[in-house]
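**Q** Questions regarding the structure given below will be posed in turn.
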Amino acid sequence: MTIALLIGYLFVVLAIGLWSRRRLSNTGEDFFVAGRTIGPFVLLMSLFGTHMTAFALLGASGEAYREGIGVFGLMASSSALVVPALFFYVGTKVWHIGKSHGYLTQIQYFRDRFQADHLGLVLFLVLVGLLLPYLLIGVMGAGLTFEQITNGQIPYWVGSLTVCAVIFVYVTSSGMRGTAMVNTFQTLVFMTLGGLATVVIMSKLGGLGAVMDHLQTHQSHLLVRGEHISPALLVTYSAIPLSAGMFPHLFNHWLTARSAATFKGPIIFYPLCIALVWVPSVLLGMAGAVDFPNLQGPAANGVLIMMVEKHAPGVLGGLLAAGVFAAIMSSLDSQTLALGNMFTQDIVRHYRIGGEVSEAKQVWWGRLFIFLVLALTFGISLVAPRSIFKLGIWSFTGFAGLLPILIAALFWKRATAVGAYASVFTTAVAWLYFFSSGSKTIGTTDIMAVTAVIGLSSITMILGSLVSKPPGNLAKFF
Amino acid sequence: MTQPTRRRGVWFLLALGVLFVLRIDVWNQHNTARLLGLPIGLTYHILFSLGLIAFFYLMVRFAWPYDDHSGDES
């Protein structure tokens, strides 16, 4: 039953993607940013679905299983505060500049703003390097989830390949338009089914009060933040959601908005979406400690699936499994499209590989790169160690470290290419230092390394800009 | 962007700073009480997140820097 429902779900996703193709015109702008015609509801759903990876469902419930209620304050309420603020101050401005100058990628803007061709290439390499592990985590997560949900009937590689194939078909056939529509559907699916799973499972366990009473007696540490999530960690973890400002896939979605006013709904209702997804995840993770009290290490990340298998078998279990896939695929598709867009615009079109690149040819290149990105990611997913999941937080750290470049480019006339180079270099060095130390925090403190990376990146952006001459094209941007 | 809009944008930026501080609820660090059926430390952050809807509504309403018709900065 579960497998049948999952296959049915994937067919629905394909149908929506292919249905969206009917409005596709064969231009780069339409394929990569949906002709800048997306309205507020689809923008909210696609931004949220893209930003929330499977981690919000599986990883968060695993963290709540280990750490308890503090996970919501640490990861969810920080995003509810930081991300809409980024949309307000950064996203709308990016949209405005993108629309005014016809930009389709971040690199196009940075190259033009700083009058620095090579800076674009450096940033391209860094952004792709940070996004690929993120993509890999999604593909591997899909394979592992498929295997776990079907009790091994569908092996890991078949699950990963299936998800890659489905994404390939609808992203290449209808571009951003189809991706946004599919994301909207998938976001609604995982938001609805998360809530439904919570109600069903909690009632099977005797209700919310009974679960809390049980935890109070047997695992009371889960009901307070206590010592394991200190105020210093709570403060500095807030820097992680700043990564959203530099994600190429969110940048792409910002450019799809029909108008600046389209952002109003997403800004206002983003915190509601966060609550709708994270409250069920945290509650189910904690409830998992009632049913499966001794899960160790990575096994805790499977607690949500285990709860569904135990308390909601059959149709509901299959639907909930579809919800998990919705969360995985709604990020993977946008990331893949963003990479295809970057290779097409920032490499092929910029360097005129194969001569002048017509609108139709842009779409052709985009499809080719989407295929290559997915094929490469799937290939690596077959040999990559599972410890790669730990790279997620480091990917966020790197993107957050690059945000000062975008902030300076948008708001500071004095910002220069030298400052941007210095910022990229500093981010890379600081990132490598903390990554090689193996600790997400600085030394023995609870201060997240990402704060040091952002701080150093900002300082070098400022100093580098102050010792160099600003570009002569400021009137174009201010 | 007009001066009043820009000024309101700065005020809302400062208000975001205040909210950032309010999010760090050290007073709930070890509080085992329950509110609305949930541990108070969780209920606080849920209500905080839902309260942000009102905050961002006010921000969009009073500090929106764009003209809704032309899309240009107002």
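**Q** Residues being closer than 16 Å to A:Leu284 by Cα, in contact (Cβ under 8 Å) with a residue 12 or more places away in the chain and not β-branched (Val, Ile, Thr): count how many of those fall in the range A:195-220.
**A** 10
A quick yes/no check of all residues on (1) charged (D, E, K, R); (2) assigned to a strand (DSSP E or B); (3) within 13 Å of chain B (Cβ to nearest Cβ):
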residue	(1), (2), (3)
A:Ile268	no, no, yes
A:Leu283	no, no, yes
A:Pro298	no, no, no
A:Leu319	no, no, no
A:Asp333	yes, no, no
A:Leu339	no, no, no
A:Thr344	no, no, no
A:Val348	no, no, no
A:Gly355	no, no, no
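**Q** Still on this structure: Whether any residue in the range A:162-181 is in contact with a strand residue (DSSP E or B) (Cβ under 6 Å, 6 or more places away or on another chain) and buried (at least 24 other Cβ atoms within 10 Å of the Cβ) is what I want to check.
**A** yes
**Q** Suppose we filter A:Gly141, A:Gly209, A:Gly195 for residues that are within 14 Å of chain B (Cβ to nearest Cβ) and at pLDDT below 90; which single one remains?
**A** A:Gly195
**Q** To continue, here is another question. Tally time: how many residues in the range B:25-44 are surrounded by 15 or more Cβ atoms within 10 Å (Cβ to Cβ), free of Cβ contacts under 8 Å to residues at least 12 places away in the same chain and not in a helix (DSSP H, G or I)?
**A** Qualifying residue count for the region: 5.
Residue-by-condition table, conditions (1) buried (at least 24 other Cβ atoms within 10 Å of the Cβ); (2) facing chain B (nearest Cβ under 9 Å); (3) touching a residue at least 24 places away in the same chain (Cβ under 8 Å); (4) within 20 Å of B:Phe56 (Cβ to Cβ):
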position	(1), (2), (3), (4)
A:Glu227	no, yes, no, no
A:Leu234	no, yes, yes, no
A:Tyr237	no, no, yes, no
A:Gly245	yes, no, yes, yes
A:Phe263	yes, yes, yes, yes
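**Q** Condition (residue is crowded, with 23+ Cβ neighbours inside 10 Å, of a type in the set (A, V, I, L, M) and under 29 Å from B:Arg23 (Cα atoms)) applied to the range A:302-317: is it met by at least one residue?
**A** Yes: the range A:302-317 contains one or more residues that are crowded, with 23+ Cβ neighbours inside 10 Å, of a type in the set (A, V, I, L, M) and under 29 Å from B:Arg23 (Cα atoms).
**Q** B:Ser70 is checked against (1) in a helix (DSSP H, G or I); (2) more than 8 Å from chain A (Cβ to nearest Cβ) and fails just one. What number does that condition carry?
**A** In the conditions (1) in a helix (DSSP H, G or I); (2) more than 8 Å from chain A (Cβ to nearest Cβ), B:Ser70 misses (1) alone.
Each row is one residue, and each column tells you yes or no for (1) touching a Ser or Thr at 6+ places or on another chain (Cβ under 8 Å); (2) closer than 23 Å to A:Phe11 by Cα; (3) part of a helix (DSSP H, G or I).
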residue: A:Phe72; (1), (2), (3): no, no, yes
residue: A:Ser79; (1), (2), (3): no, no, yes
residue: A:Lys93; (1), (2), (3): no, no, yes
residue: A:Leu104; (1), (2), (3): no, no, no
residue: A:Gly129; (1), (2), (3): no, no, yes
residue: A:Ile167; (1), (2), (3): yes, yes, yes
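**Q** Kindly provide the set of residues from the range A:428-478 that are within 25 Å of the chain's Cα centre (by Cα) and under 30 Å from A:Ser100 (Cα atoms), ordered by number.
**A** Correct list: A:Ile454, A:Ser457, A:Ser458.
**Q** Say we look at the range A:215-253 and pick out the residues that are assigned to a helix (DSSP H, G or I) and of a type in the set (Phe, Trp, Tyr); which of these is farthest from B:Val26 (Cα to Cα)?
**A** Among residues in the range A:215-253 that are assigned to a helix (DSSP H, G or I) and of a type in the set (Phe, Trp, Tyr), the one farthest from B:Val26 (Cα to Cα) is A:Phe251.
**Q** Could you tell me whether A:Gly35 is more than 13 Å from chain B (Cβ to nearest Cβ), surrounded by fewer than 24 Cβ atoms within 10 Å (Cβ to Cβ) and either at pLDDT 95 or above or in a helix (DSSP H, G or I) (or both)?
**A** Spelling it out, A:Gly35 is indeed more than 13 Å from chain B (Cβ to nearest Cβ), surrounded by fewer than 24 Cβ atoms within 10 Å (Cβ to Cβ) and either at pLDDT 95 or above or in a helix (DSSP H, G or I) (or both).
**Q** If B:Phe48 satisfies every condition in (1) surrounded by fewer than 17 Cβ atoms within 10 Å (Cβ to Cβ); (2) at the interface with chain A (Cβ under 10 Å from one of its Cβ atoms); (3) assigned to a helix (DSSP H, G or I) but one, which is the exception?
**A** (1)
**Q** How many of the residues in the range B:15-24 are more than 8 Å from chain A (Cβ to nearest Cβ), touching a residue at least 12 places away in the same chain (Cβ under 8 Å) and more than 25 Å from A:Glu227 (Cβ to Cβ)?
**A** 1
**Q** Looking at A:Ser25, is it assigned to a helix (DSSP H, G or I) and either more than 14 Å from chain B (Cβ to nearest Cβ) or in contact (Cβ under 8 Å) with a residue 12 or more places away in the chain (or both)?
**A** no
**Q** From the list B:Phe12, B:Phe56, exactly one residue is more than 30 Å from A:Ser220 (Cβ to Cβ), part of a helix (DSSP H, G or I) and either at pLDDT below 95 or more than 8 Å from chain A (Cβ to nearest Cβ) (or both). Which is it?
**A** After ruling out the rest, the residue left standing is B:Phe12.
**Q** Follow-up. So which of B:Ile24, B:Ile53 ends up being β-branched (Val, Ile, Thr) and within 20 Å of A:Phe263 (Cβ to Cβ)?
**A** B:Ile53
The values are calculated or read from the model by the stated rules, or taken from the named source; none is laboratory data. Everything numeric here is computed off the predicted structure, so don't read it as measured data. Counting neighbours? That spans all protein chains shown, and the Cβs are built from the backbone with ideal geometry, glycine included.
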